[in-house]
Structures are given as C-alpha cells and as structure tokens.
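Participant: One structure coming up, written as structure tokens, with questions to follow.
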Amino acid sequence: MKTRCRSSIVRRPVVTRLAVGLSVSVLVSAVALAGCSPASTGADEPAAPTPTRPAAAAPATAGPPAPDQVLDGDCSALFPDAVVSELLGTTVAARELFLDSPITHAVPTLGGLDCEWTAPAGADGAVTAASVRAVVLSSQVLSGTAQDSAVLAAATEDVSCVTGVITASSVDAGACSFTARAGELWLSGVVYSPAGTPEDDIRTAVATLSDEFRALPTDDAVAPPVPKTPADGTAWVPPACGDLSAAAGVTETLQSPDLVGNDVDTTGGTDSAAGIQAAQAGAEVFACAWYHSGPAPAGQLDGFSIQGLPGGAWAQDRVRALPGARVVDVPGADLAVRVPTAVGHATLDVFDGVNWLQISRADGLEPVLPVLPALLDALNSSTEG
C-alpha cells in the first residue's frame, strides 16, 4: 500500500468563467514533494527573498530534444483561442506551464499535449479569470503492458459531474470532468464551476469542446508514434521505495537507521485531467519520501524526498532557464541544477542519462547529498536494458 506523504501537494488556484457568464474555478496542482518529516522551525519560517539573477549559462552541449508531440505541441490547433473565449464568455489565450517537478511532465514525455486557457486576473490581483484545462494523448504510446492496457480500457468517452468541491472562489463548487476519443487520440479535461451553476450549462460547454476535438482532421491530429522509453533501454524502471532505500544504503550512509523510505502517491487527486494520471502510469513516474514515524531521534537526519521521470532528461534546458537556476557540481550526476523554490525547500534537479530525478528537503540538501550517488547507481541498475 502506498503511503501519502504529508505536505506533499501545493495547490495553486486559477479561476475561470463559463460562457453562460458564471465563474468557474480550477485548482492547478503543482506537486512539491518536500521533506516529509515532522515540521521543523526552519520549514515554518518565511522563505528568504531570492535575488534576481540570470539563469545559469547552458553547457556547450544542449540536452536531448523534447519528444514529438501530438498536434506538433500546438494548443491552438486543439482549440483555437477564439473558440474557448466564446465558450467562456471572456477573452482567453493558451498558456504553457512549466513546473519544476518531474512527475508533472509525464504528458509531454509521452508525446502528449497539456493545455490551459486562462484569462488574466483583475488589475487588483483578484481571481476573476476563466480557464479550460485539456490533455491529449495518443493511444499508440499507452499500449503494450498490462498496466497501460488498463489505462486504455478506462479511456472511454464520459462526462462526470460532482458538487461540494472546494475551489478558489467557492466552498461548494461543482466540477465536470470529461473524456472523448477521436481516432488514435484521447482527450480529457476538468471544468469547475461555483456553487449554483446549473450542471446542464457545464455539460453544454463540455459537449462543444468534445465536438471540436472530434472534428480535428485525422492526418493533422496524430503525431508519429513516440516510444514509451528510449530505444537503448536506459530509462529507469520505477522502484519500490523500500527496495530503493535498501539498495542505495540510505539509512547507513545517512547514519539514520530509523528513516523509512515510503512510496508517495503521485496522482494529485481527482482535480486534474484523467490523462495526467494515465500519462504518469505510462511514463512510470515515481516518488519516494524518507521520514520517521515520529520526531527524528537525536543524531539522526529528518526527512527528504525524491521524484523521478524516466526518460525526462529532455527537460534539462527548460530547468536551466528557470529564474535563479544555476548549475552545480554534484558527484555521480551528469548534470545538477539548483532552483529556488517559492515554498522555501531546498531542491536539486539531477539529470542522469535520459532520466530526471529531483531531490528535496525542508532544511537544506547538504546533509542528504552523500546518498545521491548511491541512489543514482541503484536506479541505473534497474534500467530496462
């Protein structure tokens, strides 16, 4: 059974407006797996301001290219801004989100498309905008294993609405998730509405988006098949966290025998498009948290966590371009990048071969970095080659 890491999810509110003139609220989950030990005074203090500085210069050799994406990675080819704006009753434009979190990039790793249309917030910063979230995946990259077959079996056309959802603007919102199929492509998304919004209005908007999706020309809609993992078999196989801890000698290296490695739920709950969970299963993302069952015994380290994306090294140029990012020298890593975080946790992005690993801790990484080479060795020993 997987253990959910305490304080593992940070939610960022984005509010939307429906075509019928009613507000809709969408919670965009940004996973920030931080030290999962009991809270410490350092974690409770406000994060120090990060000085403005240019991103680190890219190494002479750029990282691997991003996988080819359906619709050439163009959200406007899925839903033109004008169509979404008409549905929402306000002007919106597609925007691209890049979060410094490996497990949130399973969709593009599998060649899928992850889109969001959002209107700007009000001048006073009030959350008054409208948004649509949609994910498109090709069934060609979600087939071949029993796990992926189960994902595809669930990828039927469906609309499901619930009430009583807590959003940025309502404590009793309604939410409609939807899926649709068009040839080899599968669309999924979620729309949130404030309390009192007629469900039929939300379903009408969903139906329009689904019809637009089904009307896509087949020859333009399907990208060349994208392999689940690199052909040379160097992508990591997701480990059971307890096994990874033992293989890497985590407790011995850190001289903390009571630390326990636990699997962390990466799905982010039900407030995201179903395609995100499907892609995470197909890309075999993983996350582990080491923590004590109670307060850390004297002389032992508290918790830290990791999350990994097999085949995710294509994102390294994007990580290096994040504000404040700087390349650092870490033994055992092909490339390591420190990136400031808004929640005050220390974070290091590590790229090894074709893979992406992130290690995080609430009170600074230096005490746990000695275990990083062994973690990489253990992960590399599990590759599909």
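Participant: Quick test for you: out of 113, 71, 99, pick the one residue that is under 30 Å from residue 256 (Cβ atoms), at pLDDT 85 or above, in contact with a strand residue (DSSP E or B) (Cβ under 6 Å, 6 or more places away or on another chain) and surrounded by 13 or more Cβ atoms within 10 Å (Cβ to Cβ).
Facilitator: Sole residue among the options that is under 30 Å from residue 256 (Cβ atoms), at pLDDT 85 or above, in contact with a strand residue (DSSP E or B) (Cβ under 6 Å, 6 or more places away or on another chain) and surrounded by 13 or more Cβ atoms within 10 Å (Cβ to Cβ): 99.
Participant: Determine whether region 207-221 contains at least one residue that is in contact with a helix residue (DSSP H, G or I) (Cβ under 8 Å, 6 or more places away or on another chain), surrounded by fewer than 16 Cβ atoms within 10 Å (Cβ to Cβ), within 21 Å of residue 108 (Cα to Cα) and at pLDDT below 70.
Facilitator: Among the residues of region 207-221, at least one is in contact with a helix residue (DSSP H, G or I) (Cβ under 8 Å, 6 or more places away or on another chain), surrounded by fewer than 16 Cβ atoms within 10 Å (Cβ to Cβ), within 21 Å of residue 108 (Cα to Cα) and at pLDDT below 70, which makes the answer yes.
Condition check ((1) modelled with pLDDT under 95; (2) touching a strand residue (DSSP E or B) at 6+ places or on another chain (Cβ under 7 Å); (3) surrounded by fewer than 24 Cβ atoms within 10 Å (Cβ to Cβ)) across all residues:
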| site | (1), (2), (3) |
| --- | --- |
| 246 | no, no, yes |
| 270 | yes, no, yes |
| 275 | yes, yes, no |
| 278 | yes, yes, no |
| 287 | no, yes, no |
| 290 | no, yes, no |
| 297 | yes, no, yes |
| 300 | yes, no, yes |
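Participant: Need the failing condition index for residue 335 against (1) farther than 18 Å from residue 240 by Cα; (2) surrounded by fewer than 19 Cβ atoms within 10 Å (Cβ to Cβ), just the number.
Facilitator: (2)
Participant: Also, quick follow-up: Consider residue 383 carefully, then state whether it is β-branched (Val, Ile, Thr) and in a loop (DSSP other than H, G, I, E, B).
Facilitator: It is true that residue 383 is β-branched (Val, Ile, Thr) and in a loop (DSSP other than H, G, I, E, B).
Participant: Kindly establish whether residue 78 is modelled with pLDDT of 75 or more, touching a helix residue (DSSP H, G or I) at 6+ places or on another chain (Cβ under 8 Å) and over 28 Å from residue 286 (Cβ atoms).
Facilitator: Answer is yes for this residue.
Participant: One residue is enough: does region 310-321 have a residue meeting the conditions touching an Asp or Glu at 6+ places or on another chain (Cβ under 7 Å) and under 18 Å from residue 356 (Cβ atoms)?
Facilitator: yes
Participant: Please verify whether residue 150 is within 23 Å of the chain's Cα centre (by Cα), modelled with pLDDT under 80, hydrophobic (A, V, I, L, M, F, W, C) and under 19 Å from residue 214 (Cα atoms), treating the condition exactly as stated.
Facilitator: In short, no.
Participant: Could you look through region 74-93, keep only residues that are of a type outside the set (A, V, I, L, M), in contact (Cβ under 8 Å) with a residue 40 or more places away in the chain and not in a helix (DSSP H, G or I), and pick out the one that is farthest from residue 117 (Cα to Cα)?
Facilitator: Restricting to residues being of a type outside the set (A, V, I, L, M), in contact (Cβ under 8 Å) with a residue 40 or more places away in the chain and not in a helix (DSSP H, G or I), the top hit is 89.
Participant: Can you tell me which residue in region 153-201 is modelled with the highest pLDDT, limited to those that are within 26 Å of residue 78 (Cα to Cα) and among the acidic types (Asp, Glu)?
Facilitator: Looking at residues that are within 26 Å of residue 78 (Cα to Cα) and among the acidic types (Asp, Glu), I get 200.
Participant: With 296, 287, 279 as the choices, which residue is in a loop (DSSP other than H, G, I, E, B) and in contact with a Pro (Cβ under 9 Å, 6 or more places away or on another chain)?
Facilitator: 296
Participant: For region 317-350, name all the residues that are outside any strand (DSSP E or B) and at pLDDT 90 or above.
Facilitator: Within region 317-350, 317, 318, 319, 320, 321, 322, 323, 324, 325, 329, 334, 339 meet the criteria.
Participant: Here are some residues: 346, 325, 287. Which one is over 24 Å from residue 66 (Cα atoms) and either out of contact with any Leu (no Cβ under 6 Å at 6 or more places or on another chain) or of a type outside the set (Phe, Trp, Tyr) (or both)?
Facilitator: When all the criteria are applied, what remains is 346.
Participant: Could you grab me the full set of residues in region 309-336 that are under 18 Å from the mean Cα position of the chain (by Cα) and not small (Gly, Ala, Ser)?
Facilitator: 309, 310, 314, 316, 317, 318, 319, 320, 322
Participant: Find the residue count for region 347-365, including only residues that are closer than 13 Å to residue 306 by Cβ and over 18 Å from the mean Cα position of the chain (by Cα).
Facilitator: So the answer is 3.
Participant: If the Cβ limit is 6 Å and pairs must be 6+ apart or interchain, which residue in region 329-350 that is without any contact (Cβ under 8 Å) to a residue 60 or more places away in the chain pairs with which residue that is surrounded by 21 or more Cβ atoms within 10 Å (Cβ to Cβ) and among the aromatic types (Phe, Trp, Tyr)?
Facilitator: If the second residue must be surrounded by 21 or more Cβ atoms within 10 Å (Cβ to Cβ) and among the aromatic types (Phe, Trp, Tyr), the pairs left are 334/351.
The values are calculated or read from the model by the stated rules, or taken from the named source; none is laboratory data. For clarity, every value in this text was computed on a predicted model and none was experimentally measured. Cβ coordinates were reconstructed from backbone atoms using ideal geometry, including for glycine residues, and neighbour counts include every protein chain displayed.
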